[in-house]
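Asks: One structure coming up, written as structure tokens, with questions to follow.
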Amino acid sequence: MADKNMTSLTIRRPDDWHLHLRDGDMLAAVAPETARHFGRAIIMPNLVPPVVRMEDAVAYRDRIMAVVPETANFQPLMTLYLTEETDPSDVIAAHKAGIATAAKLYPAGATTNSASGVKNMSAVRPVLEAMAEAGMPLCVHGEVTNSEIDIFDREAVFIDKVLKPLRKRIPDLRVIMEHVTTQDAVDYVRDTPKNLGATITTHHLIINRNHILAGGIRPHYYCLPVAKRERHRIALVQAAISGDKRFFLGTDSAPHIDPAKLQECGCAGVFSASNTMSCLAEVFDVAGALPKLEAFSSLNGPAFYRLPPNDSTITLTKGEPVDYPTHIQTGEGPVTVFDPGFPLHWRVDA
Ligand code: DOR
Ligand code: ZN
């Protein structure tokens, strides 16, 4: 039974199993935000051009390390962006050399910078088979892209039309269904005993589609996959607080400068790196599940990736509401920090 009066919680240092750091001036501004609280992060490869080959990942990792504060002790875990031209031997070599922790499957056109992604799944079958044999995890953006499929149904249709057939064909492939947003995805993962995990973002635990659309359109809550109905949000919270090892934190913190969000065709992405742990503590506290926060943010992810949890800890302390900046400044322009819409009472001491 959770202690309603709990005011302090020390947990293993969390990891972020899905993060966008971008490049250049944006990278320099956002990397320290994650490195402040997190030990490791799976770094998304959707740069322009994308991180496709081992040599791209080595160079990107070096650019990240150059801007992470020395005191931070932060390790980026790199991913390779699968294209229909990907050479399986390069992916496997990158994994075996400890350069690429995982590879990322973007269906072409699914989201930001996914144009070079995969249109025809059979084109990547050889690389997926090689990854299964090597035990290399596949991170999946689980949405179909057909224009005739309603945007709110794209995740559920992806499960039926792409993921189930793929897992049947290559059952040994270790798949992470990323940023799940539906009860359908939660049920599918729960019903799958082996080789399937899922990340859940901070914002999808907090917002539903009303937050984006009711009473005015709120571009800073627009992301992909788009937030769904309240019953789906509740299913995500239940999964996150359950302690089930198959569910773990991947913030999908995805910075875009405000002018890119606030325009006729605004970019998808929520930037939550700065206040994620305070937001999560609030969500778990309200749900009476603070003792399960460590499993979700610090233990289940490493277990799926077959890595040890971090040695160090962070302490969360409950008190007067913590003020987070509404924006961070970057060399490219301001980036709005996720507003959960409620006060954050949990301070993080890293
Ligand atoms: O909202 C999103 N933003 N979803 C994604 O899948 C990509 C990300 C980005 O890179 O901006
Ligand atoms: Zn993402």
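Asks: Taking the condition under 22 Å from residue 43 (Cβ atoms), at pLDDT below 95, more than 15 Å from the chain's Cα centre (by Cα) and polar (S, T, N, Q), does residue 120 pass? Lay out the reasoning, then the answer.
Replies: Numbers: under 22 Å from residue 43 (Cβ atoms): no; at pLDDT below 95: yes; more than 15 Å from the chain's Cα centre (by Cα): yes; polar (S, T, N, Q): yes.
No: the conditions fail for residue 120.
Asks: Right, next: Taking only pairs six or more apart or across chains, which ones have beta-carbon atoms under 6 Å, a first residue in segment 285-308 that is touching a residue at least 24 places away in the same chain (Cβ under 8 Å), and a second residue that is in a helix (DSSP H, G or I) and crowded, with 21+ Cβ neighbours inside 10 Å?
Replies: Close Cβ pairs (under 6 Å, with a partner that is in a helix (DSSP H, G or I) and crowded, with 21+ Cβ neighbours inside 10 Å) amount to 287/241; 289/241; 290/284; 292/241; 293/284; 296/240.
Asks: Could you say which residue among 184, 153, 160, 172 is in contact (Cβ under 8 Å) with a residue 24 or more places away in the chain and part of a helix (DSSP H, G or I)? Break it down stepwise before answering.
Replies: On the way: 153 fails: in contact (Cβ under 8 Å) with a residue 24 or more places away in the chain; 160 fails: in contact (Cβ under 8 Å) with a residue 24 or more places away in the chain; 172 fails: part of a helix (DSSP H, G or I).
Only one candidate qualifies: 184.
Asks: Sticking with this structure for a sec: I'm told residue 22 meets every condition in (1) charged (D, E, K, R); (2) without any contact (Cβ under 8 Å) to a residue 24 or more places away in the chain; (3) within 16 Å of ligand 1 (Cβ to nearest atom) except one. Can you identify the failing condition by its number?
Replies: (2)
Asks: How about segment 246-294: which of its residues are within 16 Å of ligand 1 (Cβ to nearest atom), within 20 Å of the chain's Cα centre (by Cα), in a helix (DSSP H, G or I) and more than 15 Å from residue 37 (Cβ to Cβ)?
Replies: Of everything in segment 246-294, just one residue is within 16 Å of ligand 1 (Cβ to nearest atom), within 20 Å of the chain's Cα centre (by Cα), in a helix (DSSP H, G or I) and more than 15 Å from residue 37 (Cβ to Cβ), namely 261.
Asks: Can you name every one of the strands (runs of 3 or more DSSP E) wholly within segment 1-46 that holds 2 or more residues which are surrounded by fewer than 24 Cβ atoms within 10 Å (Cβ to Cβ) and among the aliphatic types (A, V, I, L, M)? Working first, answer last.
Replies: Working: elements: 8-12, 16-19, 40-43.
In segment 1-46, 8-12 are the strands (runs of 3 or more DSSP E) which contain 2 or more residues that are surrounded by fewer than 24 Cβ atoms within 10 Å (Cβ to Cβ) and among the aliphatic types (A, V, I, L, M).
Asks: Give segment 210-226 a look and list any residue that's assigned to a loop (DSSP other than H, G, I, E, B) and not hydrophobic (A, V, I, L, M, F, W, C), or say none.
Replies: From segment 210-226, those assigned to a loop (DSSP other than H, G, I, E, B) are 214-218, 222-226; that's our starting set.
Result: 215, 216, 218, 222, 225.
Asks: Just to be sure I understand the filter: pairs with C-beta atoms under 9 Å, separated by 6 or more residues or on different chains, first member in segment 103-128 and over 17 Å from residue 169 (Cβ atoms) and aromatic (Phe, Trp, Tyr), second member within 15 Å of ligand 2 (Cβ to nearest atom) and not in a loop (DSSP other than H, G, I, E, B). Which pairs pass?
Replies: 106/81; 106/140
The values are calculated or read from the model by the stated rules, or taken from the named source; none is laboratory data. Computed from a predicted model, the values in this text were never measured in an experiment. Virtual Cβ from ideal backbone geometry, glycine too; neighbours counted across all protein chains shown.
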